[in-house]
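Q: Input: one structure, supplied below.
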Amino acid sequence: GNADEGWTRLLLEDFGFEYTTIMDEDIIEDNLNELIDVLILPSDETPFLVDVSKAESGRAKMLLQWFGDTVPEKYKSGFGEEGINKIVDFVNSGGKLVALHKSCDFAINAFNYNITNLADGLNDRTYSTHGSTLWVNIDPSHKVALGMPEETTVYNYDSPILHINERFRAEKYQVFMRYKNENLLKSGRLVGEELLVEEPAGILVKQGKGEVVLFGVPVQFRSQMHGTFKMLFNCLV
C-alpha cells in the first residue's frame with residue numbers, strides 16, 4: 001500500500017539490481033540477516049510502517065478517518081513493535097538499513113539517535129518546498145557519495161530537516177550531504193530557508209555491526225531523480 005515502494009522497485013529494475021520484496025510478515029517471522037544484506041524503507045510516516053490503526057494525530061490519523069473503511073485489510077498492516085525490534089536486531093547483527101525521506105523519522109526513533117527533525121509539526125507558512133530543487137554540498141570521498149560532484153541539486157518535497165544534537169560523540173554521525181549555507185533555491189518554492197542552511201541531508205550512522213543510512217531527501221523520487229540515484233546505488237554494493 002505504499003507508492004514510494006513501487007517507484008523504488010521500478011528504479012531497481014530499470015538499472016538491473018536484483019531485490020527481494022520484504023513484507024510485514026517477513027520482518028516479524030524471519031531472520032532478516034538470512035534473507036537480505038540491505039533493507040530499504042520506502043518513504044512513509046512511522047504510523048503507516050508500524051501500525052496505522054494506532055495513529056493518534058497527523059496525516060496518518062486523517063487518512064485513516066477518511067479512507068479507513070475503503071482500504072483492504074492487507075494494505076493496512078504494519079510490522080508493529082515486534083517488527084521494530086527485528087529491524088534493530090538486523091542492523092546490529094551486520095545488516096544495512098536505508099531510510100528514504102519520511103522514513104528517517106522511524107529510523108531515528110527506532111535507534112534512539114540524537115537527531116531532531118526540525119520540520120516536525122511546522123505548517124506551510126513556516127516551512128514549505130512542495131517539490132523544489134535545492135543546492136547541497138556533497139563529500140565525494142564518503143562511500144555513499146562516491147562518484148558524485150561536490151555540489152549538486154536535490155529534490156525536496158517538504159522533506160525532513162535533520163538536525164544533529166550530539167555533542168560528545170558527534171563522530172558517529174557521518175554527514176555526506178549537507179544543504180549549502182546560502183541561496184539554497186534552484187527552482188520552485190522555498191519557505192523557511194533559514195531552517196535548512198548547513199543542515200545534513202544525508203547521514204550514515206555506524207550501528208552495532210551494521211549501518212543506518214538516512215536520506216533526508218527522496219534521492220530516487222518516482223524513479224526520476226537521475227542526478228542522485230548514485231547515492232542509493234552506492235548503498236547496495
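The values are calculated or read from the model by the stated rules, or taken from the named source; none is laboratory data. Source: prediction; values computed, not measured. Ideal geometry is used to build each Cβ from the backbone, glycine not excepted, and the neighbour counts take in all protein chains shown. Quick note on the areas: whole protein, heavy atoms, side chains included, nothing else; ligands and nucleic acids left out. Shrake-Rupley method; radii C 1.70, N 1.55, O 1.52, S 1.80 Å.
Q: Restricting region 212-236 to residues that are open to solvent by 10 Å² or more (accessible area, probe 1.4 Å) and touching a helix residue (DSSP H, G or I) at 6+ places or on another chain (Cβ under 7 Å), which is nearest to V98 (Cα to Cα)?
A: Result: N234.
Q: I'm trying to understand the selection: among the residues of region 192-206, which are open to solvent by 10 Å² or more (accessible area, probe 1.4 Å) and in a strand (DSSP E or B)?
A: K206
Q: Working only within region 35-83, note down all residues that are open to solvent by less than 50 Å² (accessible area, probe 1.4 Å), assigned to a helix (DSSP H, G or I) and at pLDDT 85 or above.
A: Matches in region 35-83: T46, P47, L49, V50, G80, G83.
Q: For region 186-211, what are the residues that are over 23 Å from K96 (Cβ atoms) and among the polar types (S, T, N, Q)?
A: S187 - this is the single residue of region 186-211 that is over 23 Å from K96 (Cβ atoms) and among the polar types (S, T, N, Q).
Q: Looking only at region 143-189, which residues are buried (at least 17 other Cβ atoms within 10 Å of the Cβ) and in a helix (DSSP H, G or I)?
A: The answer is V144, A145.
Q: I've got another one for you. Considering only residues that are open to solvent by 50 Å² or more (accessible area, probe 1.4 Å) and part of a loop (DSSP other than H, G, I, E, B), which ones fall in region 8-34?
A: If the condition is that a residue be open to solvent by 50 Å² or more (accessible area, probe 1.4 Å) and part of a loop (DSSP other than H, G, I, E, B), then F15, G16, F17, E18, Y19, T20, T21, M23, D30, N31 are the ones that fit.
Q: Identify all residues within region 87-113 that are under 14 Å from the mean Cα position of the chain (by Cα) and at positive phi; write none if there are none.
A: H101
Q: Pairs only if they're at least six apart or on different chains, beta carbon under 9 angstrom, first in region 164-193 and closer than 19 Å to Y113 by Cβ and free of Cβ contacts under 8 Å to residues at least 40 places away in the same chain, second crowded, with 16+ Cβ neighbours inside 10 Å and among the hydroxyl-bearing types (S, T, Y); list them, first residue then second.
A: K172/Y113
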